[in-house]
Amino acid sequence: DYLMKTIEDFGIQARLVTPDWNLPKNQRIPCVGITRINTEDAQIAMRIMKAFRPTGIIKDIVTSTLETMKIKGFDVSQGVCLHHRDGRDWHKHCARWSAITIKDGIYRGNCLDKPKETILESLESRALILPRWLYYVGDHDIPQKLVHSKYNVVSKNDFVDSTAMAKFLNNLPEGPYRDLWSLIDSFICSSLPWFVGNSVSTWSAIQIAKRQATISEHGSGSYWYNSQSIPLAEFIPMYQIPIVYTYTEMSAGAGKFLLKASISSVRKQMPYNTIHIIYHGKKDEDFRVWLMDNAVILHHHDPKWRKDIEVMRRAGNSTRSHLFLHEGNYFGTWQRIDIPKFITSEYCLLLDSDTIVVKPFTFDEFGLKLTNSVAFSAEGNPEDTFPWNAGVSLMNVPHLKKTYQKFFHFIMQPVERRGYHVSGRGNAVSDQGAYLIFYKKSIQFLSIDFNFKPYYNVTHAKAASAKIVHFHGPKPHDYIGHVSGVKCDKAAQGLCDRAGKINTKYLCSNVQAFAKSLFLSGEDNIMGYCEVVYATNKDYQGICFFTLKTLAASVDVCTDLSLEVNNAKVGIARKYTLSNGR
């Protein structure tokens with residue numbers, strides 16, 4: 001009834017039928033199955049998938065099992081469900097599946113447990129910590145390393161009501177009941193807050209899909225111990241990747257407006273995506289309310305190492321990076337090292353506050369052979385494929401959690417004031433340099449589609465494929481000021497000059513994307529942003545405001561920023577003349 005009611009809520013009239021497999025194929029009811037899902041609305045598919053509920057005796061068995069767990073002292077809120085595929089049949093399947101790669105070149109290397117890592121180690125770098133306990137679902141006996149671990153490890157055999165089960169089986173034809181047990185395990189697992197599975201398995205992949213929209217601050221999580229891709233994501237475009245920001249109330253004034261614009265762009269393009277923010281500070285109540293109103297999950301962050309990072313900043317060279325100019329901005333970049341303490345998913349995408357999402361994307365668009373640590377994109381040269389810029393970072397959360405202590409000790413070692421030296425590339429500053437050096441053996445390249453810079457001079461097709469624009473270096477007001485004759489700060493001046501010479505339509509359309517997102521975050525935020533960035537110059541406040549306001553309101557794509565700025569100047573002059581005339 002619940003399933004049918006959910007379907008009817010979408011205006012769809014449907015009925016359940018039992019297919020007659022004895023009929024000739026041309027007389028059977030056609031079933032398009034999975035081939036149709038990838039063309040449908042992902043959120044509708046998600047809601048219908050979640051609407052499947054146990055009924056009848058199956059419901060009784062699941063309910064009694066959960067009750068027995070409680071009676072035996074197992075706190076359901078601390079339960080971790082593990083779906084572990086390691087039986088002989090699965091190994092044969094993986095061997096056949098992986099062999100196809102020889103023919104088509106498509107990566108299929110994540111079918112089994114992670115190499116050089118026991119299943120217990122995989123679990124402890126994900127969801128398993130005391131006092132949590134493990135509900136084991138597998139195609140073989142529970143591994144001895146789990147049996148002899150410090151954790152309580154159980155299966156359905158420890159809880160299922162044998163009387164109820166016998167009664168149910170008596171009403172079924174004789175035969176193997178693997179699918180039946182799988183169904184019962186599926187509903188029991190769905191009742192536990194934590195899940196670790198094998199993403200290549202359809203059973204696990206469905207569990208992962210159903211859980212992603214329910215992940216809250218610390219109450220639940222979904223992982224896959226084999227890591228990397230979810231093959232089913234190619235056919236079902238409902239797999240999201242959590243978006244993560246870091247923020248400190250010590251940030252420069254523009255930072256809050258940039259962040260609001262970025263979050264608004266995510267909400268516009270991917271309204272159901274989970275957004276997290278690692279947040280430092282307690283004074284700005286209005287901003288925290290704004291974040292919660294926009295369904296952003298806040299994680300309070302006040303690390304003990306903040307003072308140590310400030311010592312590093314003071315030793316930095318501000319002519320090499322604008323980050324060294326401001327205590328709050330510099331600390332904010334380092335907040336990301338604590339992401340594995342807060343985020344409970346296999347992967348997440350970290351966005352700097354100066355990014356704008358211009359197109360929606362799903363998990364499958366990051367490819368199949370995902371990073372085992374972090375993935376960065378190019379910086380100044382769009383043709384470069386060396387992972388350098390960390391403004392948008394794809395993060396393998398379990399690996400970062402597993403290596404956290406070693407990485408932290410590495411960071412706290414004395415570093416020469418020029419930064420971290422990357423062999424063959426030069427010096428990289430702050431957190432970016434630390435990641436590049438420490439994870440150099442596993443770091444991967446992230447397509448510039450997810451980290452497109454406004455100063456890039458590329459083909460129209462390449463610019464059109466961008467999903468995230470990153471205002472690396474100069475911010476939107478810097479570009480507006482630059483075409484008005486205002487100097488950028490020393491660290492960003494070269495990029496301002498470069499963008500000014502190109503003055504491509506991509507520069508203006510990117511500034512326009514920012515303007516529209518900033519306006520979406522609140523009607524007064526364009527003025528607020530311009531007042532902060534040009535606090536001592538009313539004239540440039542006006543140029544900034546009129547330019548961004550016009551771009552935000554325009555339905556046409558901007559192609560010439562100089563023209564828009566000049567039009568803003570003319571508009572201001574006309575308004576001033578009329579004002580004096582009256």
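The values are calculated or read from the model by the stated rules, or taken from the named source; none is laboratory data. Quantities reported herein were computed from a predicted structural model and do not represent experimental measurements. Neighbour counts are summed over all protein chains in view; Cβ atoms, including those assigned to glycine, are modelled from backbone coordinates with ideal geometry. We work out accessible area using only protein heavy atoms, side chains counted, and drop any ligands, DNA or RNA first. Shrake-Rupley method; radii C 1.70, N 1.55, O 1.52, S 1.80 Å.
Worth a mention:
- Scanning the stretch 100-117 for residues that are of a type outside the set (D, E, K, R) and open to solvent by 50 Å² or more (accessible area, probe 1.4 Å) gives I100, I102, G105, I106, Y107, G109, L112, P115.
- Residue in the stretch 437-455 that is of a type in the set (S, T, N, Q), closer than 28 Å to A252 by Cα, surrounded by 17 or more Cβ atoms within 10 Å (Cβ to Cβ) and in contact with a helix residue (DSSP H, G or I) (Cβ under 6 Å, 6 or more places away or on another chain) present: no
- Members of the stretch 1-28 found to be within 18 Å of I44 (Cβ to Cβ), open to solvent by less than 100 Å² (accessible area, probe 1.4 Å) and not in a helix (DSSP H, G or I), listed by number: F10, G11, I12, A14
- Residue list for the stretch 170-188, filter: assigned to a helix (DSSP H, G or I) and either at pLDDT below 60 or charged (D, E, K, R) (or both): R178, D179, D185
- Taken across the stretch 136-145, residues that are without any contact (Cβ under 8 Å) to a residue 40 or more places away in the chain and either buried (at least 18 other Cβ atoms within 10 Å of the Cβ) or under 24 Å from T65 (Cα atoms) (or both) do occur, with at least one present.
- Residues of the stretch 343-360 classified as at pLDDT below 95 and either in a helix (DSSP H, G or I) or of a type in the set (F, W, Y) (or both), total: 0
- P303 under 17 Å from the mean Cα position of the chain (by Cα), open to solvent by 10 Å² or more (accessible area, probe 1.4 Å) and not polar (S, T, N, Q): no
- For the stretch 278-296, the count of residues that are under 22 Å from G391 (Cα atoms), at pLDDT below 95 and open to solvent by 10 Å² or more (accessible area, probe 1.4 Å) is zero.
- Of all residues in the stretch 215-226, those satisfying the criterion of being at pLDDT 95 or above and not in a strand (DSSP E or B) are Y225, N226.
- Of the helices (runs of 4 or more DSSP H) lying entirely inside the stretch 469-546, those containing at least 3 residues that are under 28 Å from the mean Cα position of the chain (by Cα) are 505-520, 525-533.
- Residue among L394, L368 that is closer than 27 Å to Y225 by Cβ and open to solvent by less than 10 Å² (accessible area, probe 1.4 Å): L394
- Applying the set (1) among the aromatic types (F, W, Y); (2) open to solvent by 10 Å² or more (accessible area, probe 1.4 Å); (3) within 18 Å of L291 (Cβ to Cβ) to Y245 leaves exactly one unmet item: (2).
- Against the numbered list (1) farther than 17 Å from A513 by Cα; (2) crowded, with 17+ Cβ neighbours inside 10 Å; (3) modelled with pLDDT under 90, H482 comes up short only at (3).
- Restricting the stretch 547-559 to residues that are more than 13 Å from A513 (Cβ to Cβ) and surrounded by 18 or more Cβ atoms within 10 Å (Cβ to Cβ), the residue that is nearest to the chain's Cα centre (by Cα) is K549.
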